[in-house]
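Coordinate-derived values only; no laboratory data. Everything numeric in this text was worked out from a predicted model, so none of it was measured. Methodologically, a virtual Cβ is constructed for each residue, glycine included, from the backbone with ideal geometry; neighbour enumeration extends over all protein chains shown.
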Ligand code: FES
């Protein structure tokens, strides 16, 4: 599913960017460009960020 239409950014790409170390909305913007055009996707992008950080916090630490 596309989150950001302006830049063609999918939910999967945002999730991957968070998993790769983008742990704030600003970092996510810097890595992907999400919400840097019209801004309509910001709340959805923040939701993906929060959910991904949440699931990382719950996941067992990798050895
Ligand atoms: S839809 Fe993401 S900046 Fe416009």
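Numbers below:
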{"quantity": "Values of log10 I(q)/I(0), in the order q = 0.11, 0.13, 0.14, 0.19 Å⁻¹, for the chain under a Debye, Cα-only, solvent-free model", "calculated": "-0.22, -0.31, -0.35, -0.61"}
{"quantity": "Segments 4-11, 50-57 sorted - mean Cβ within 10 Å per residue, highest first", "calculated": "4-11, 50-57"}
